[in-house]
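Following: one structure in C-alpha cells, then a few remarks.
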Amino acid sequence: MTAHEEFALWRIMKGYFCGCVTAAILLLIFLLLLSGYFSEATDRPAGSIFVVFMVTLVLVFFAYALSILPVTLILITAEMFHIQHWIFYTLSGALIGFWITIVIDGQVYSLFDLASFMSAGALAGLVYWHVAGRHAGRGRWPRF
C-alpha cells in the first residue's frame, strides 16, 4: 500500500500528531532558553532530563487541546479543496500559534511569546505538510 492509497484519516492523524510533537519540542526549547537552562553557570539536578521529558509531554497535551478546533477546520478545508502547498500549512500554523497566544490570557505579553508560539505553529504546519499535507485530497476514507 503506497502513501497515496492509505486511509486519509490515518494520514491526517499521523500528521497532526507529528505537528503537535514538533510544536511542543520547539516551545520547550524556547522555554529552556528563557529559563537559562543552556547557560554554563546553571547547576542541573540529576533528574533534569526526566523533568524535561515530562514537560514535553504536558506541552504535547496542551498543543492538542488548544489547537484541535482550528486545526480541524483548516484540515477539512485543505482536504476538500486538495490544498497541497506548503505555504498554506506553514501560514495556517503561524496563525494558529497567534490565536493560541490570544486564547491563553487574552493578550500578548511580549514579542518573545508571540515569536515562540507563531514559530512553533509554523514549524508544526510545515511538519504536517511533510507528513500528510502533500497528499491532501488523496487516499481512501474508511467506511463506517
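The values are calculated or read from the model by the stated rules, or taken from the named source; none is laboratory data. Predicted model, so just to flag it, every value in this text is computed and none were measured. All Cβ positions, glycine included, derive from the backbone under ideal geometry; neighbour counts span all protein chains shown.
Observations, loosely collected:
- Residue match in region 116-136 (condition: modelled with pLDDT under 90, among the β-branched types (Val, Ile, Thr) and within 12 Å of the chain's Cα centre (by Cα)): no
- Scope region 89-107; condition of a type in the set (A, V, I, L, M) and surrounded by fewer than 14 Cβ atoms within 10 Å (Cβ to Cβ); matching residues: Ile102, Val103
- Some residue of region 93-101 being farther than 13 Å from Thr22 by Cβ, hydroxyl-bearing (Ser, Thr, Tyr), over 12 Å from the mean Cα position of the chain (by Cα) and not in a helix (DSSP H, G or I): no
- Here region 64-88 is the region considered, the condition is being hydroxyl-bearing (Ser, Thr, Tyr) and surrounded by 13 or more Cβ atoms within 10 Å (Cβ to Cβ), and the residue that is farthest from Met118 (Cα to Cα) is Thr77.
- Only a single criterion out of (1) under 23 Å from Ser35 (Cβ atoms); (2) at pLDDT below 95 is not satisfied by Phe144, namely (1).
- In region 7-22, the residues that are free of Cβ contacts under 8 Å to residues at least 40 places away in the same chain form no Cβ pair under 8 Å with any partner that is surrounded by 23 or more Cβ atoms within 10 Å (Cβ to Cβ) and of a type in the set (Ser, Thr, Tyr), whether six or more places apart or across chains.
- All of Val108, Val103 fail the test of being among the hydrophobic types (A, V, I, L, M, F, W, C), free of Cβ contacts under 8 Å to residues at least 40 places away in the same chain and in contact with a Leu (Cβ under 6 Å, 6 or more places away or on another chain), apart from Val108.
- Restricting region 102-115 to residues that are over 21 Å from Leu69 (Cα atoms) and of a type outside the set (Ser, Thr, Tyr) leaves a set whose member that is farthest from the chain's Cα centre (by Cα) is Leu111.
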